[in-house]
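Each reported figure results from applying straightforward, stated rules to the coordinates on display, with no laboratory input. Source: prediction; values computed, not measured. We place every Cβ from the backbone using ideal geometry, glycine too, and count neighbours over all the protein chains shown.
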Amino acid sequence: MTNSCAALLISAPASGAGKTSITAAIARSHARRGRRVRVFKTGPDFLDPSILERASGAPVYQLDLFMGGFSHCQSLLARAAAEADLILVEGVMGLFDGAPSSADLAAAFGLPVVCVIDASAMAQTFAALATGLQRFRPELHHCGVIANRIGSAAHGRMVGEGLPADLPLIAALAREPRLILPERHLGLVQALEQPGLDAQLDAWADAWEAGLRPGLAFRPLSFEDIAEPALPRLLAGRRIAIARDAAFGFIYPANVDLLRALGAELVFFSPLRHEALPACDAVWLPGGYPELHAEKLGAHPTLATELAAHIASAKPLLAECGGMLALLDTLTDATGETHRMAGLLPGRAHVQHRLAALGLQAIAWPEGPLRGHSYHYSTLETSLVPIARASNPNGGQTAEAVYQHGSLRASYVHHYFPSNPEAIAAFFKG
């Protein structure tokens, strides 16, 4: 079966041009008019999707040809096309950056491309840059360009000079410092930590509508709905507890979907609110920002004891990145203050001011190969010997270790569960 829907991939020459704010503005503009919008994020990311989910009113999934593969991405797009009026895909970095890149994704699915260009420090050169992006890979369909952060209406007219007829200026948005989202070391501040986010999203939508030029037409695309075989319910009868709050918020929606499709019952809890560990057969501590909440996490009256008992019972516990940091002996934050953590994983970590690791990761678990990514500012010292070490498909230096300590498995890798459902089921089944 084939599903059709208007779709657009929003990219840029580089990071920082405003892809997220423009994507969120378009999503909010259409959603508040009653249109059903589904937004995707190219590549691994947890922070931008939290903003885009609030803007569109629907969960934001990853489209990544390495982590998920072509068929998985096609299935996600087909499902969205069946239930939406508009699909928006936010690119990653610059249009041609990375392997696979946003351009690779656009080419794979025929997604029309619009590039957001920061016009704040240029005039007629804007057209040269825009046409260069258009012509670099002629097989891509560029349907227009967006000028972001213009200084005046006259400036907006200047940046449009020289654009060819087949690459119109879709919109020109004024520079508005009050609309800039707050950031920290891993990127944008999470949506749940921004109480004024909805008002800001409406302001973005207003700015988009004010800067929109006539003539934008979203191109309808057809996506073949692949009939994927139903997953065996390998986790039927298993109850998995998942930490979820401002300290443990890096959770792919596709991971949650997969666990449920495998038959698991999921129960979420907040260590930050000092909630007790729910009765469960397995635990997942995802990544997040334990370094920003180390004192409060350390003051949890029962969690360390409950997790210790969980491990003593040989029940599976997966700790990813920030989840792993929370289980160490100590964690030193970026200010130099050292905090005592749960003490369930021998080692100590130190958060530094420069990036420690970044890259896609392929890792061989004992249960089978998995894919994911790494992105962190901390370094780890531990006496544990890794049971496996990841590799970077692009030849980068990041090659994260996987540690096993009893029934506890820990790594800096943020695993993408759909890359190997059977391996995930085998681990959580214990």
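Quick notes
- Orientation-averaged projection of region 303-343 equals 3.0 nm² [convex hull of Cα atoms, one quarter of hull surface area].
- Computed on the Cα trace of region 309-430, the radius of gyration divided by the Kirkwood hydrodynamic radius gives Rg/Rh = 0.97.
- The chain, dipole about Cα centre (Lys/Arg Cβ +1, Asp/Glu Cβ -1), debye to the nearest 20: 300
- Between ALA349, ALA276, ALA165, the Gaussian network model of the chain with springs among Cα atoms under 10 angstrom shows the greatest mean-square fluctuation at ALA165.
- Across region 101-116, coupling constants 3J(HN,Hα) worked out from phi with the 6.51/-1.76/1.60 Karplus curve, θ = phi - 60°, read 9, 4, 5, 4, 5, 4, 5, 5, 10, x, 6, x, 10, 10, 9, 8 Hz, and Gly and Pro carry x.
- For HIS142, the amide hydrogen comes within under 5 Å of the amide hydrogens of VAL113, counting only partners 5 or more places away or on other chains and with H modelled in the peptide plane.
- Sites listed here are trypsin sites (Lys or Arg not before Pro) in region 33-137 whose DSSP assignment is loop and whose Cβ has at most 11 other Cβ atoms within 10 Å: ARG33.
- Using alpha-carbon coordinates, inclination of helix 19-31 to the longest axis of the chain, degrees: 80
- C-alpha center-to-center spacing [region 110-178, region 370-430] in angstrom: 40
- Of ALA27, ALA236, ALA17, the one that fluctuates the most in a GNM where the chain has Cα springs shorter than 10 Å: ALA236
- Reciprocal of mean inverse Cα separation for region 294-369 (Kirkwood radius, Å): 14.1
- Build a GNM of the chain with springs between Cα atoms under 10 Å apart, and of GLY288, GLY69, GLY395 the one that fluctuates most is GLY395.
- Backbone HN-Hα couplings from phi across region 422-430 [Karplus 6.51/-1.76/1.60, Hz, Gly and Pro as x]: 5, 5, 5, 4, 5, 5, 5, 6, x
- Averaging the sequence gap over all C-alpha pairs within less than 8 Å and six or more residues apart, then dividing by the number of residues, gives the chain a relative contact order of 14 percent.
- Using just its DSSP H runs of length 4 or more, each adding -39500 (n - 2.57), the chain gives a mean residue ellipticity at 222 nm of -8000 deg cm²/dmol after division by all residues.
- Calculated FRET efficiency for the pair ALA154/ARG260, C-beta based, R₀ 51 Å, to 0.05: 0.40
- Counted charge near GLY156, where neighbours are those whose Cβ lies closer than 13 Å (Asp, Glu -1; Lys, Arg +1): +3
- Of all aspartates and glutamates in the structure, those lying under 13 Å Cα to Cα from LYS19, and not within fewer than 8 positions of it along the same chain, are ASP48, GLU90, ASP118.
- ALA6 long-range amide H proximity, modeled H, under 5 Å: ILE87, LEU221
- Once the Cα gyration tensor of region 2-224 is diagonalised, semi-axes √(5λ) in Å: 24, 21, 17
- Backbone amide hydrogens, once placed in the peptide plane, bring GLU275 within less than 5 Å of SER270, excluding anything fewer than 5 places away on its chain.
- Of ALA357, THR330, PRO346, farthest towards positive along the dipole that unit charges on Lys, Arg, Asp, Glu beta carbons give region 317-380: ALA357
- Distance from region 276-321 to region 194-265 (C-alpha centre basis), Å: 25
- Sequence ranges 353-360, 115-122, ranked by mean other-Cβ count within 10 angstrom, highest first: 115-122, 353-360
- Degrees between helix 303-312 axis and first principal axis of the chain (Cα, 0 to 90, nearest 10): 70
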